[in-house]
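K.L.:
I have a structure here, written as structure tokens, and I will follow up with some questions on it.
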Amino acid sequence: MSIIPVVVAAIVVIFLMGVRIVRPTHRGLVERFGKYNRFANPGFNWVFPVIENMYQVNITEQMVDAEPQEIITNDNLNAKVDAQVYFKVKADEESVKSSQYNVNNYQWQIVNLARTTLRNIIGTLTLKSANSERGKINAELHTTLRQETGTWGLEIVRTELKEIDPPKDVQETMNKVVKAENEKIAAIDFATATETAADGQKRAEIKKAEGVKQARILEAEGEASAIKLVNQAAEEYFVGNAQVLRKLEAVEKSLQNNAKIVVPANTELVNVIGEMAGFLPIKQKEEKPGK
């Protein structure tokens, strides 16, 4: 019986047992007899079975919850605080090694460090200032975590303060205050709108009055022009003939009322009316003597 097939089969089995595939989302650390030997990049890798082991490390962004906790604020109120921390292991060899050899269970460590840091930050603030300065709290938490994890091979991407909940009775009081403020703002807005509408109506009335005034001025100017024309006509036709002018005015008033008037012939009034109308009065034939 030949030993070659057995050897070949053993080699194939050992080869297959040592095959390791590293995904792009991971990096590998190969240890030989418990000591770091080499770094494994994404793709095909092979380790010697039994003698070597590979530990894969996730380098994608991850999130841990700092878990809700009761924190006493500077004004002696118990606030329920929760936060989230986003981080990732850096992809280079030294950072991956640091995440495995410089810290034990970095996720658990980040959670406890974030909880301690939040207690230190919020303990110096009042409940009101803590709610209004969330950005400042996030920035301080991010800075502290980045400094403390500098040797862990991690990148603290960002921190998010999820909630700062006051005690129930304080929350009810705050809700009432907010409601009162909203009602106050609504009342001010309504008063402003009413005042604006009143101003608009006032301006409209002023415009209307100005229009009426202008119309009356124009009407008065028209009447003045008419009077001026009458005066000019009177000066042209009736200079020294006051009695004839009075008679003409009487005729004008009578004609306005559709009254009929008999004007004596061969009078100055007939001549004036005829001249103004554009025709000459009819002259009567003189009677010959002897008839």
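K.L.:
Consider a paramagnetic label point 7 Å from the Cα of residue 213 along Cα→Cβ; state which residues of the range 186-205 have an amide N under 14 Å from it.
P.N.:
Once the point is set 7 Å along Cα→Cβ of residue 213, 203-205 turn out to lie under 14 Å by backbone N, inside the range 186-205.
K.L.:
Moving on to the next point. Where in the range 82-121 does the label zone of residue 147 land, with the point 7 angstrom along Cα→C-beta and an amide N cut-off under 13 Å?
P.N.:
Only 117, 121 fall inside the zone, counting backbone N under 13 Å.
K.L.:
Amide H to amide H, which residues 5 or more places from residue 66 or on other chains are under 5 Å from it, using H placed in the peptide plane?
P.N.:
For residue 66, whose amide H was placed from the backbone, the distant partners under 5 Å are 83, 84, 85.
K.L.:
Would you order 132, 2, 98 from fewest to most other beta-carbon atoms within 10 Å of each residue's own beta-carbon?
P.N.:
Values: 132 11, 2 6, 98 20.
Neighbour counts put them in this order, fewest first: 2, 132, 98.
K.L.:
Of 190, 87, 39, how do they rank once you tally other Cβ atoms within 10 Å and put the fewest first?
P.N.:
Numbers: 190 10, 87 21, 39 15.
Placing the least packed residue first, the sequence is 190, 39, 87.
K.L.:
Are any of the pairs 35/90; 97/162; 97/136; 202/228; 128/184; 208/228 more than 27 Å apart by Cα-Cα distance, and if so, which?
P.N.:
Values: 35/90 21 Å; 97/162 32 Å; 97/136 33 Å; 202/228 38 Å; 128/184 20 Å; 208/228 30 Å.
Over 27 Å apart, Cα to Cα: 97/162; 97/136; 202/228; 208/228.
K.L.:
Calculate, for residue 55 and residue 139, the FRET efficiency according to 1/(1 + (r/R0)^6) with r their C-beta to C-beta distance and R0 30 Å; round to the nearest 0.05.
P.N.:
The calculated FRET efficiency here is 0.30.
K.L.:
Please list, ordered by chain and number, the residues whose modelled amide H lies under 5 Å from the amide H of residue 126; skip anything fewer than 5 residues away on the same chain.
P.N.:
So residue 126 has HN proximity to 74.
K.L.:
While we're on this one: Which value, to two decimals, describes the C-alpha radius of gyration of the range 4-58 once divided by 2.2 N^0.38 Å?
P.N.:
Against the empirical 2.2 N^0.38 Å value, I get 1.25 for the range 4-58.
K.L.:
Given points 7 Å out from each Cα along the Cα-Cβ axis, report the residue 128 to residue 185 separation in nanometres with one decimal.
P.N.:
Rounded to a tenth, the inter-label distance reads 1.7 nm.
Values quoted throughout were computed directly from the atomic coordinates according to the rules given, and no laboratory measurement underlies them. Just so you know, these numbers come straight off a predicted model, no measurement behind them. Every residue, glycine as well, gets a Cβ built from its backbone with ideal geometry; the counts of neighbours run over all protein chains shown.
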